[in-house]
Every structure is written in structure tokens, then in C-alpha cells.
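This report refers to the structure that appears directly beneath it.
The values are calculated or read from the model by the stated rules, or taken from the named source; none is laboratory data. The shown structure was predicted, so the numbers you read here are calculated from the model rather than taken from an experiment. So basically every Cβ, Gly included, is an ideal-geometry build from the backbone, and we count neighbours across all protein chains shown. These accessible areas exclude ligands, DNA and RNA; they are computed on the full protein's heavy atoms, side chains included. Shrake-Rupley method; radii C 1.70, N 1.55, O 1.52, S 1.80 Å.
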Amino acid sequence: MRRLGAWLYDVLVVISLLMVAGFICFGLTALALSQSWITLGPYQDTAELLGASRLYQLCLLAVALGFYCWFWRTSGQTIGMRAWRLRVQNTDGSRLRLSQCMIRAVTALLGLGNVWIWFNPGTRLALQDKIADCEMVVLSKEQNKQLLDK
């Protein structure tokens, strides 16, 4: 249940970041259109142009991946994980490498990788933890406070 709570917190943060990124991309696209740097082509408006743009989709994906990878790499905790006293780490307690963060983010399958725990209750590893060779630990209140104070 802790993982679900942390996931819900993080989804709200990621959605807000995606809204900001979308606003910035929309503004830059509107500027490019007004300066005639680009044209709408077959699209009726800026929103339709962005909706069909692979570059825009990659930008939004980069924002979401960047959020998770930044937090997992720097402290092992996203904002939701801090609230629920969870930390992702290597089995020796060290921080994840960037490659592990990327693998973990891709294999999490939007949170569905956590269902793996129900089918393998003895390991307590989610699919993304198993593939990225890391673990999720529950911190005591004191350990969580020490991480927050750093």
C-alpha cells in the first residue's frame, strides 16, 4: 500500500510538470508560428500540431523520465516516496546508477510492475526492482528525517 500511496503522490507531481512543459511547448510553438519559422501545414491549430508531433511527445516523456531519474539518482526518493518513507537503493545501500534509473523507469510500466509483488510475495521485489537489480526499503522515521535533512 505504501508503494501505491507514493505512486499516487508522484503521479500528481508528474502531471503538474507535464502541464508546465506543455504550456512552454505550446508557447514556443505559437511563437514559431507567429514568426513564420514553422507552419501549421495540414493541422487546424497549434494544439493539433503539437498532438501530432513526435518531438513534443519525446519532450513530455523526457520530463517524466527526468523527474524519476533525478530523484532516484540523487536521493533514492521521489516526493511521494519521501512522504511514505520509501527509498530505492542497491542491495548494499548505495544510490542507483543512471542506467539503473532508466531501466527501472521503463520497466515500471506506469506502476503495473508493482503487481509482480503479489505473484512473488517472498522476494518483495517489484518487476522494475528485479530487472534494475535494486530494492525498495521502508525507512524508519529517523532514517527518513536524516535523508530529508541532507
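Overview of values
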read-out: Candidate set: the range 118-150, residues that are open to solvent by 40 Å² or more (accessible area, probe 1.4 Å) and of a type in the set (Val, Ile, Thr); chosen: the one nearest to residue 81 (Cα to Cα); value: 138
read-out: All helices (runs of 4 or more DSSP H) inside the range 31-150 with 2 or more residues being in contact (Cβ under 8 Å) with a residue 24 or more places away in the chain; value: 54-74, 79-83, 98-107, 127-132, 141-149
read-out: Any hit, the range 90-100, residues being closer than 15 Å to residue 3 by Cβ and either within 15 Å of the chain's Cα centre (by Cα) or surrounded by fewer than 17 Cβ atoms within 10 Å (Cβ to Cβ) (or both); value: no
read-out: Number of the exception - residue 22 against (1) closer than 30 Å to residue 136 by Cα; (2) open to solvent by less than 40 Å² (accessible area, probe 1.4 Å); value: (1)
read-out: Meets criteria (open to solvent by 50 Å² or more (accessible area, probe 1.4 Å), assigned to a helix (DSSP H, G or I) and within 30 Å of residue 130 (Cα to Cα)) for residue 9; value: yes
read-out: Any hit, the range 32-53, residues being open to solvent by less than 50 Å² (accessible area, probe 1.4 Å), within 29 Å of residue 139 (Cα to Cα) and not basic (Lys, Arg); value: no
read-out: In the range 105-117, residue modelled with the lowest pLDDT [restricted to those that are of a type in the set (A, V, I, L, M, F, W, C) and open to solvent by 30 Å² or more (accessible area, probe 1.4 Å)]; value: 110
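Residues are listed down the side, and each one gets a yes or a no for (1) of a type outside the set (Gly, Ala, Ser); (2) at pLDDT 95 or above; (3) out of contact with any strand residue (DSSP E or B) (no Cβ under 9 Å at 6 or more places or on another chain):
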| position | (1), (2), (3) |
| --- | --- |
| 14 | yes, yes, yes |
| 21 | no, yes, yes |
| 39 | yes, no, yes |
| 51 | no, no, yes |
| 70 | yes, yes, yes |
